[in-house]
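Colleague: Below are the structure tokens for one structure; questions will follow.
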């Protein structure tokens, strides 16, 4: 249980919070939409062809707007996959 007092926080039972470092797979899944939208401009910087009635560059950006949550969901699933397994004191799973 956390107690907040003034500018610092104390914990009972000497339990400390340790942030888990993200896995390489989740970082790569997070970088895919960023890379596709920002660094591929030279590949799609054209008006023609039209895709679904939209210029290709506009279609490309909208496509990645829709695909970004899918990539973030995949990264979330990678991070929470091992969290549901109980941990032993020596670091392994049961």
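The values are calculated or read from the model by the stated rules, or taken from the named source; none is laboratory data. None of these values were measured; they are calculated from a predicted model. Here Cβ is always computed from backbone atoms with ideal geometry, including for glycine, and neighbour counts include all displayed protein chains.
Colleague: In segment 55-68, what residues are out of contact with any helix residue (DSSP H, G or I) (no Cβ under 7 Å at 6 or more places or on another chain) and surrounded by 11 or more Cβ atoms within 10 Å (Cβ to Cβ)? First the steps, then the outcome.
Modeller: Residues of segment 55-68 that are out of contact with any helix residue (DSSP H, G or I) (no Cβ under 7 Å at 6 or more places or on another chain), as a first pass: 55, 58-59, 62-63, 65-66.
Across segment 55-68, the qualifying residues are 55, 58, 59, 62, 63, 65.
Colleague: Can you spot a residue in segment 43-52 that is modelled with pLDDT of 80 or more and closer than 16 Å to residue 23 by Cβ?
Modeller: No, segment 43-52 has no match at all.
Colleague: I need the full set of residues from segment 15-39 which are touching a helix residue (DSSP H, G or I) at 6+ places or on another chain (Cβ under 8 Å) and in a loop (DSSP other than H, G, I, E, B), in order please.
Modeller: Matches in segment 15-39: 20, 22, 23.
Colleague: Go through (1) within 16 Å of residue 22 (Cβ to Cβ); (2) modelled with pLDDT of 85 or more for residue 37 and report which single condition fails.
Modeller: Condition not satisfied by residue 37: (1).
Colleague: Can you pull out the residues in segment 37-51 that are within 15 Å of residue 67 (Cβ to Cβ) and exposed (fewer than 11 other Cβ atoms within 10 Å of the Cβ)?
Modeller: Across segment 37-51, the qualifying residue is only 38.
Colleague: Six or more apart or on different chains, Cβ under 6 Å: which pairs go from a residue in segment 31-56 that's over 25 Å from residue 74 (Cβ atoms) to one that's assigned to a loop (DSSP other than H, G, I, E, B) and at pLDDT below 80? Could you list them?
Modeller: 55/47; 56/46
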